1. So which residues in segment 119-155 are over 20 Å from the mean Cα position of the chain (by Cα), more than 27 Å from residue 105 (Cα to Cα) and either in a helix (DSSP H, G or I) or not assigned by TED's automatic domain parsing to the domain that holds residue 101 (or both), if there are any at all?
2. Scan 100, 112, 117 and give me the residue that is without any contact (Cβ under 8 Å) to a residue 60 or more places away in the chain, in contact with a helix residue (DSSP H, G or I) (Cβ under 6 Å, 6 or more places away or on another chain) and surrounded by 15 or more Cβ atoms within 10 Å (Cβ to Cβ).
3. Hey, could you check segment 13-47 for residues that are in contact (Cβ under 8 Å) with a residue 12 or more places away in the chain and part of a helix (DSSP H, G or I) and say which is nearest to residue 78 (Cα to Cα)?
4. Given 78, 74, which one is in the same structural domain as residue 151 (by TED's automatic domain parsing), touching a strand residue (DSSP E or B) at 6+ places or on another chain (Cβ under 7 Å) and farther than 21 Å from residue 149 by Cβ?
């Protein structure tokens, strides 16, 4: 149970429920699950182009010819990529940083795959969408990326945009903090 409890989001009670589930489960299921977990890091690795997880050289998004290769969305993690994909509203491709700038945690610009992003820009990219979270680390990363992209000779004709942030859908304005509400006002657009 100790190892199950070390999984993210799994507390002591959930670890206990999982352990009891596995004790009651058919042996072939538990064996298959254990095999899948042990093979996970051998089979799955970052995509050579964008950093998404894949079992191939390049992920399904990078190899999908229907995706717009001229628009690249920069995200902090694969989980962020998946969240954007769930919306079904982004037609382009991605670039996963794997981390956000966090000097106190020892993560600096040299730890992010920014040179690989700059190399991709020369391949017909028209727009880079920065989709880092609205946190101190996410904002610092977005600012650094914008400066790096604007300071590169390869990006002279590239539009650099930032995802809007604002009031959560279904949320009440009275509970929104000042920064969130201010950004919602700044990011307003015409009603279609």
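1. 153, 154, 155
2. Residue meeting the stated conditions: 100.
3. Top of the filtered list is 43.
4. 78
The values are calculated or read from the model by the stated rules, or taken from the named source; none is laboratory data. Everything numeric here is computed off the predicted structure, so don't read it as measured data. Glycine gets a Cβ as well: all are built from the backbone with ideal geometry, and neighbour counts include every protein chain shown.
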